[in-house]
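One structure is given here, and the rest of the page talks about it.
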Amino acid sequence: MKIKNIMIVFMAISLLLTGCNGTAKAQADTQAEDTDAEANEVKEASREIFAMDTYMTLTAYGDNAEQAVEEAASEIERLDALLSTGDENSEILAINENGGGELSADTAVLIERSIEIYEKTQGAFNIAVYPIMEAWGFTTQEYKVPSEQTLQELLKLTDASKINYDDEAHTVSFEQEGMKIDLGGIAKGYTSNRVMDIFREWDIDSGMVNLGGNVQVLGEKTDGTQWRVAIQSPDDSGDYLGVLSTQDKAVITSGGYERYFEEDGVIYHHIIDPVTGYPAENGLTSVTIVSADGTMADGLSTSLFVMGKEQAIAFWRENSDEFDTILLADDGSLYVTEGIADRFTSDIDFQIIEK
Ligand code: AMP
Ligand code: MG
């Protein structure tokens, strides 16, 4: 899986950066203009890091590119340590062990947004699924299929309305003993949003971050054209679903293929249907969300995957001013909402979803 992810990331990056320099027009420019261009050449800084269980690439263009990328990389490492349930010093681990606690600014925002998305998606997005994630072995990679009885017992601990968040005191408490939360469905989108904030603070007006195939871009490319973001494909071909031209947006994809195990010929993946406790099997193979709000895009990619096609489309129709989406159904059919349809290209014929 890791190797596949690396390939996708590198493919996405090469696509993103293709065409940054030199169009036919530029080649025809005079010597004098070339010299001018060199004097004004935009500084570029790039960095690759491994964090949040994935390979990440950061790129910024501008006078402060180096400092911006440096600070963004430190921020990613800080957030990884803060939010990962696997890190023994993480705030989330402490909250889960103590049934609540005081929250740092980032965790407070993430819990607040998670509750908001839980309500908006009528429970499809549910950070209280962590006990179920544990039962399936996704937290330790010691995978197993839990019994129906175990799941029924654990489902009693996954009522996210029992997460009491105090937005003034910045504390959280769980109403029921044994409840635990998992920000894995939203943390990467929050992180890419933070990277964009840091880039802006350093006056960067062109940049991108790729968190294992989840991309967020700032502004346009330095040649004034839009970024071209490759959408991950769920199969092992190393191919991609299509390419989206965009600016100032997060492009975040969820799919069962990203993390799964197989037992007795059945595939069990990591996106849990909070109603059943089983991996969500509602007819979708992959969901991409395109939005200026990376945190929401991440939360919704997980949510729409859980909802399934019909409900996901209905949800988009109600919230089409906030995001667009690309849905790949289990039968291979591809759906793209009208807000991005003219900027999406694919070898697969796709159906445009209209309001
Ligand atoms: P993503 O890759 O963004 O779809 O996030 C998947 C991750 O979110 C899983 O690995 C879990 O950590 C967590 N998760 C699984 N099911 C849900 C759910 N229904 N709501 C919220 N988070 C979930
Ligand atoms: Mg998500």
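The values are calculated or read from the model by the stated rules, or taken from the named source; none is laboratory data. Computed from a predicted structure; not experimentally measured. Ideal geometry is used to build each Cβ from the backbone, glycine not excepted, and the neighbour counts take in all protein chains shown.
Exactly one residue out of Thr158, Thr107, Thr121 is within 13 Å of ligand 1 (Cβ to nearest atom) and within 19 Å of the chain's Cα centre (by Cα): that is Thr121. The set of residues in segment 319-354 that are of a type in the set (Val, Ile, Thr) and closer than 15 Å to Ile231 by Cβ comprises Thr325, Ile326, Val336, Thr337, Ile340, Thr345, Ile348.
Please specify each residue of segment 104-127 satisfying the condition of being among the hydrophobic types (A, V, I, L, M, F, W, C) and either on the phi > 0 side of the Ramachandran plot or touching a residue at least 60 places away in the same chain (Cβ under 8 Å) (or both). Residues satisfying the conditions are Ala105, Ala108, Val109, Leu110, Ile111, Ile117, Ala124, Phe125. State which residue is nearest to ligand 2 (Cβ to nearest atom) when the search covers only segment 242-298 and only residues that are among the small types (Gly, Ala, Ser) and closer than 16 Å to Asn126 by Cβ. Selected residue: Ser254.
The strands (runs of 3 or more DSSP E) falling completely within segment 240-355 that include 1 or more residues that are in contact (Cβ under 8 Å) with a residue 12 or more places away in the chain and buried (at least 23 other Cβ atoms within 10 Å of the Cβ) map to 240-246, 250-255, 284-291, 324-329, 334-337.
Here's the yes/no breakdown for (1) under 18 Å from the mean Cα position of the chain (by Cα); (2) at pLDDT 95 or above; (3) within 25 Å of Ala51 (Cβ to Cβ); (4) assigned to a loop (DSSP other than H, G, I, E, B):
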site	(1), (2), (3), (4)
Met133	no, yes, yes, no
Thr139	no, no, yes, yes
Val145	no, yes, no, yes
Val172	no, yes, yes, no
Thr191	yes, yes, yes, no
Arg194	yes, yes, yes, no
Arg200	no, yes, yes, no
Gly207	yes, yes, yes, no
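When each of Asp223, Asp235, Asp182 is tested for being farther than 17 Å from Gly294 by Cα and within 16 Å of ligand 1 (Cβ to nearest atom), the lone residue that passes is Asp182. For residues in segment 299-340 being among the hydrophobic types (A, V, I, L, M, F, W, C) and under 20 Å from Leu183 (Cα atoms), which is farthest from ligand 2 (Cβ to nearest atom)? Taking the candidates together, the pick is Met307. Assessment of segment 180-188 against the conditions (outside any helix (DSSP H, G or I), surrounded by fewer than 17 Cβ atoms within 10 Å (Cβ to Cβ) and away from ligand 2 (no atom under 16 Å from the Cβ)) yields no matching residue.
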